[in-house]
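Structure first, then comments.
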Amino acid sequence: MFYVWVTLLLIVNALLLILNFFALPGNWLMIALTGLFAWWYHEEPPFSIGVLIAAAVLAIAGEIVEFAAGPGGARKAGASIRGAFGAIVGTFAGAFAGTILIPIPLIGTVIGASAGACLGTMLMEFSKGEKLDHSFRSGLGASVGVFLGTGGKFIIGVVIWTIIAISVFVR
């Protein structure tokens, strides 16, 4: 019966990975669910505490990658600190708007976040007197950064999922 429960855990964790594309804490929910499973199945622990700690460290890294990628892309493209801040605000606003305006699962949120980062950076750069081409380049850098950050967080989530899967079968 143990392997039935583990298989169910791994399927649900795989579904939780998708939440990363909605700017939701999919990696953290995987860790929480895995911790609850370990607590529930405590008579023969399926995971060591080290597995959960490693997963948490990776989840923190995923959050840093996702959060820093948009402003980092903007800065790399020549944006100011003000433009990088615009990328952060634009990412959140765009993700929310994209989810509502483009009701295609995953796609709307990612497109919205990328477009929001671009627009937020462009507006902040343009408002401080930069030319339109510089503002657009900075916004494009933010957009690419957000897209890559979301992908990076997802990849880190896949690593977390793999660590959990391997550790449960190699007990």
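The values are calculated or read from the model by the stated rules, or taken from the named source; none is laboratory data. Nothing here was measured: the structure is a model prediction, and the numbers come from that model. Virtual Cβ from ideal backbone geometry, glycine too; neighbours counted across all protein chains shown. Surface accessibility is based on the protein's heavy atoms, side chains included, excluding ligands, DNA and RNA. Shrake-Rupley method; radii C 1.70, N 1.55, O 1.52, S 1.80 Å.
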Original post:
When both residues are 6+ apart or on different chains and their Cβ atoms are under 6 Å apart, which pairs have a first residue that lies in region 6-21 and is within 25 Å of G108 (Cβ to Cβ), and a second that is open to solvent by 30 Å² or more (accessible area, probe 1.4 Å) and not in a helix (DSSP H, G or I)?
Top reply: F21/L106
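Results for (1) touching a Pro at 6+ places or on another chain (Cβ under 6 Å); (2) more than 30 Å from L29 (Cβ to Cβ); (3) at pLDDT 95 or above, shown as yes or no for each residue.
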site: L101; (1), (2), (3): no, no, no
site: A115; (1), (2), (3): no, no, yes
site: M122; (1), (2), (3): no, yes, yes
site: I163; (1), (2), (3): no, no, yes
Subject >> Residue that is more than 13 Å from I164 (Cβ to Cβ), in contact with a helix residue (DSSP H, G or I) (Cβ under 6 Å, 6 or more places away or on another chain), in a helix (DSSP H, G or I) and of a type outside the set (D, E), where the choices are L10, L52, L19, L29 >> reply: L19
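Of all the residues that make up region 133-171, how many are hydrophobic (A, V, I, L, M, F, W, C), within 19 Å of G72 (Cα to Cα) and in contact with a helix residue (DSSP H, G or I) (Cβ under 7 Å, 6 or more places away or on another chain)?
So the answer is 9.
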Subject >> Residue count, region 102-129 (criterion: open to solvent by 60 Å² or more (accessible area, probe 1.4 Å) and out of contact with any Gly (no Cβ under 7 Å at 6 or more places or on another chain)) >> reply: 8
**OP:** Report, by residue number, each residue of region 59-79 that is open to solvent by 10 Å² or more (accessible area, probe 1.4 Å) and outside any helix (DSSP H, G or I).
**Re:** A77, G78
Original post:
Checking T150 against (1) over 14 Å from the mean Cα position of the chain (by Cα); (2) at pLDDT below 95, which single condition isn't satisfied?
Top reply: (1)
Original post:
Based on what the data block shows, is N27 surrounded by 18 or more Cβ atoms within 10 Å (Cβ to Cβ), touching a Lys or Arg at 6+ places or on another chain (Cβ under 8 Å), under 23 Å from G145 (Cα atoms) and modelled with pLDDT of 95 or more?
Top reply: yes
Original post:
How many of the residues making up region 32-49 are free of Cβ contacts under 8 Å to residues at least 40 places away in the same chain and either in a helix (DSSP H, G or I) or closer than 16 Å to G152 by Cα (or both)?
Top reply: 9
